[in-house]
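Take a look at the structure set out below.
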Amino acid sequence: MSITRLAALGREEPTLLSLAQRLLTVAESGLPSMLLPGGEAFAFTMAGRQTPAGSWALEQRGTSTRYAAITALGVRFLPENRQRAVLGGRTAEEFTGLLIESLPGVTNLGDAALIAWAAAETGHPKLSDAVARVDALDEEGRPQYTVEAAWVLSALAAARDTVDVERRFSEARDRVLRARIGDSPLFPHATGPGLMPWYRAHVACFADQTYPLQALARAHASGDGDPEALAASEACAARVCELQGDGGQWWWHYDARTGGVVEGYPVYSVHQHAMAPTALFDLTDAGGSDFGAAIRKGLAWMTDVPELGARQEPLILDELGVTWRKVFRGDPKKAVRAARGLSTRLAPSLRLKTLDRVYRPVSVDRECRPYEFGWMLHAWQGGRI
């Protein structure tokens, strides 16, 4: 008998169920303020600004098509009245329709793939138009960023039952699997050479792991089964969970050749409460292992941040409807990442540990982006385990 993800969390750790419910409330209360005037697009970010009285105020900055699509993917799990409350009076399907109408002006493959994915999941009648735009932007044989290649695969997996995408689905699946370097279970930042400078070609981020493992799990679940895709998803998930920090941290940069960590920081809130859970839950739903212990450990970091020590500045601001974006080193021009990226290119085991003493991860990035809440809703409101 299947149970909801929240019910499973409550059974395993009741205190974390309260935290997850709190975060979901923050997401629903915060997303409407991220909707731009007119209700047809979402801001890129909500930046925190401290007032003279010491409190925090938020400012909308930029616009993001991909964040809007991710928001629709998460909001679709809410009851219709709550969808409309978040999306300016529209359902997730209706809001996705606005994104589909914008597709002629969309030139980024990842943005188009997310719109197609949302169209498939919401049952939008113009799904074929969205898939056609992905096809037009995805030049055959051209290397793509791994995250965007994974979104293409997830979109096509979701669309398989509705439109004929089998040839492109097979190509997208093979592209993600071929991207791996040697026997490493991790995925690189790009599916082929040419997009990254030589000295950073081995460095991959956490998103480069979660989105492919999610896409391959969904590919397996979408048809008659794909043991190779499921095994690759499982191996990637097992490795990032093995590398998880003692405080539940999902680390940021990895060596795609060796499967090790290049640089741990920043630790992003979205990884802890949303991206890792949604990918690992999707893998379990597809028949993979249960990574619930790692998910719970990562979620607990949100209110027990070892990097901040006695300071313990809260990362969840209920009254503002945000979670602060990350804890980071505050190093100029991301110097630690650059140094470790170059050093591990030359000597994979070289860590330059003195950098940890010079640049301690005690800074808080006070902004919040819509996709953080979109994936949170997707993680905890969707699926059954």
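The values are calculated or read from the model by the stated rules, or taken from the named source; none is laboratory data. All figures in this text were calculated on a predicted structure; none of them were measured in a lab. Cβ: placed from backbone, ideal geometry, glycine included. Neighbour counts: every protein chain shown. Protein only, heavy atoms only, side chains kept; ligands, DNA and RNA dropped before computing areas. Shrake-Rupley method; radii C 1.70, N 1.55, O 1.52, S 1.80 Å.
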(message) Need the failing condition index for CYS205 against (1) closer than 23 Å to ALA276 by Cα; (2) open to solvent by 30 Å² or more (accessible area, probe 1.4 Å); (3) in contact with a strand residue (DSSP E or B) (Cβ under 8 Å, 6 or more places away or on another chain), just the number.
(response) (2)
(message) Suppose we filter the range 29-55 for residues that are touching a residue at least 12 places away in the same chain (Cβ under 8 Å) and open to solvent by less than 40 Å² (accessible area, probe 1.4 Å); how many remain?
(response) 13
(request) Quickly run through the range 1-25 and pick out the residues that are in a helix (DSSP H, G or I) and either on the phi > 0 side of the Ramachandran plot or among the hydroxyl-bearing types (Ser, Thr, Tyr) (or both). (result) THR15, SER18, THR25
(request) For the range 277-322, name all the residues that are without any contact (Cβ under 8 Å) to a residue 60 or more places away in the chain, part of a loop (DSSP other than H, G, I, E, B) and out of contact with any strand residue (DSSP E or B) (no Cβ under 7 Å at 6 or more places or on another chain). (result) SER289, PHE291, ASP304, GLY309, ALA310, ARG311, GLN312, PRO314, GLU319
(request) Hey, can you tell me all the residues within the range 215-248 that are open to solvent by less than 10 Å² (accessible area, probe 1.4 Å) and either closer than 27 Å to PRO361 by Cβ or assigned to a strand (DSSP E or B) (or both)? (result) CYS236, ALA237, VAL240, GLY245, GLY248
(request) Please find, among VAL267, VAL240, the residue that is touching a helix residue (DSSP H, G or I) at 6+ places or on another chain (Cβ under 9 Å) and over 13 Å from LEU213 (Cβ atoms). (result) VAL267
(request) Within the range 158-189, track down each residue that is in contact (Cβ under 8 Å) with a residue 12 or more places away in the chain, open to solvent by 10 Å² or more (accessible area, probe 1.4 Å), not in a loop (DSSP other than H, G, I, E, B) and not acidic (Asp, Glu). (result) ALA158, ARG168, PHE169, ARG173, ARG175, LEU177, ARG178
(message) Tell me whether the range 122-144 contains one or more residues that are open to solvent by less than 10 Å² (accessible area, probe 1.4 Å), over 17 Å from VAL163 (Cα atoms), touching a strand residue (DSSP E or B) at 6+ places or on another chain (Cβ under 9 Å) and not aliphatic (A, V, I, L, M).
(response) no
(request) From (1) within 23 Å of the chain's Cα centre (by Cα); (2) under 23 Å from GLY374 (Cα atoms); (3) not β-branched (Val, Ile, Thr), pick out the condition that doesn't hold for PRO125. (result) (1)
(message) Quick check on my filter: what residues within the range 3-27 are surrounded by fewer than 18 Cβ atoms within 10 Å (Cβ to Cβ) and closer than 29 Å to GLU94 by Cβ?
(response) THR4, LEU6, GLN21, ARG22, THR25
(request) Please enumerate the residues belonging to the range 249-276 that are open to solvent by less than 10 Å² (accessible area, probe 1.4 Å) and part of a strand (DSSP E or B). (result) HIS253, TYR254, ASP255, VAL262, GLU263, VAL267
